[in-house]
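These notes concern the structure reproduced below.
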Amino acid sequence: MLVDGDRPSSFIAQQLGRKSSSVARALRSLERRGLVETTSTGKTRYRIFTLTDKARSNLTREKLSPRIEQIDILPVEEAIGTLAATQFSLSSQLAITAESINGFLREVFKASRANSIEGAVRLILDAGGKRIRPYLVLESCQAVGGNAMNALPVAAASELLHTSTLIHDDIIDENEWRRGVRTVHAKWGVPTALLAGDFAFSKAIEVLCGGYKEIEDSKALRVANIFAHAMSDMAEGQILDAAMGNIEREPEEYEYFLIAKLKVSSLFRACASAGAIVGGGSDQEVKALANYGENLGIAFKVIDDCLWLEADERLLGKPVGYDIMEGKKTLPIIHALKFLPQEERQILLNMLGNKRAATDEIRRAISVIMGARSIEYSRKKAMRYGKKAIESLDKLPETPSRENLKFLLALVFGRVF
């Protein structure tokens, strides 16, 4: 693929449907991950990007979806373009989902008398986000033959529950920024933030149990129970995560994956199974989609932890290496501590939890982690969970929504922020 400086060729621009700066950042991220390589064309400003053998091998070996399996036999331009088109198509669907959810929530908030609390919740909702969880509800509903409109209240509730956890997590982690905007507690103070999180949670329960004609009472009760269990799991996961950051010994991988399952994956699992229930899925279909959501959520968490070490911080909204400064024991860090030589291991240990660390010190620590190939190792682990998710979907009938759920994995693995 020929790129004019930081401006993509017209072919790739059309495939992505995005601004050239976004394309350039994505290409640089792929280059850092060893999936594309660049060749200068001499004194001109043009560069040539091509898929590496590693990328071709992954595309052929992992077989994430029927569409992606065929990419490797295409010319390089078509290969990257097809991947881009897949991601753009999913991004468009997620944008449509977001608009549907936002419209529903506007009605939910219409009767609110606490404008400041509502505004605090809207701060997070309006800050963006991919709306993956409500999308998961809607597509799971359709994957078992249901009508997505019937699942819209559940999808909206899932986003409110997610928003509630984000507000409270930001207080716990003392984050001042999220998605490029000030966090609720940083803007309005901790008391308002606590109440805003509680407000979002209570509104979610109200929506789930509010007697919407789209949801049968028996299904609504079952769905509410699923989300209640998920929220309990998330609270336990948050407690375990905080405890793991304070222990003197180095945590084991199984502890990390337990926390990932509780803190992140439980809500993905709930969204997928709730959508299947509303859609009238059989017990086998509900179980298959629950397993899909669980494995998708774990893969999402692992990729997320990798991005905190390698993504563009302008897209992250926080400094790259933030997890290191916070002392988070993520999978790349756990792996690096286990396999690094003593001298380099000490460099990383000195930076863990050091909130006053200079930028160049954090970059050095990230370099050490990359030298241990810990990010590559973590992505391979995530891929295993991605394959498990695909295997769960294979138990469902062939539908466009089943394929969309497969493509959702491509979006998760292709994230640059």
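Where a number appears in this text, it was derived from the coordinates with a stated rule and is not lab data. If you're wondering where the values come from, they're calculated on a predicted model, not measured in any experiment. Every residue, glycine among them, receives a Cβ derived from its backbone with ideal geometry; neighbour counts consider all protein chains shown.
Dividing the convex hull volume of the alpha-carbon atoms in region 279-417 by its residue count gives 114 Å³ per residue.
Maximal additional length on extending the Val181-Ala95 stretch stands at 29.0 nm, based on 0.36 nm per residue less the C-alpha distance. In terms of its alpha-carbon gyration tensor, region 191-235 comes out oblate; a/c meets the 1.5 threshold, while b/c is at least as large as a/b. In terms of the mean number of neighbouring beta-carbon atoms within 10 Å, the peptides 347-353, 289-295 order highest first as 289-295, 347-353. My understanding is that a pair violates if its Cα-Cα distance is over 20 Å; which of Lys301/Lys380; Lys338/Lys387; Lys110/Lys187; Lys130/Lys381; Lys301/Lys388 do that in this structure? The answer is Lys338/Lys387; Lys110/Lys187; Lys130/Lys381. Each principal axis of the Cα cloud of region 112-413 was taken in turn, and the coordinate range along them, longest first, works out to 62, 47, 31 Å. Taking the fewest neighbouring Cβ atoms within 10 Å as the starting point, the ordered list for Tyr385, Tyr254 is Tyr254, Tyr385.
Less than 5 angstrom separates the built amide H of Gly281 from none of the residues sequence-distant by 5 or more or on a different chain. When each of the peptides 262-270, 336-344, 245-253 is scored by how many other beta carbons lie within 10 Å of its residues on average, the order from highest to lowest is 262-270, 336-344, 245-253. Taking a sphere under 12 Å around the Cβ of Leu340 and counting the other residues whose Cβ falls inside, with K and R at +1 and D and E at -1, yields a net charge of 0.
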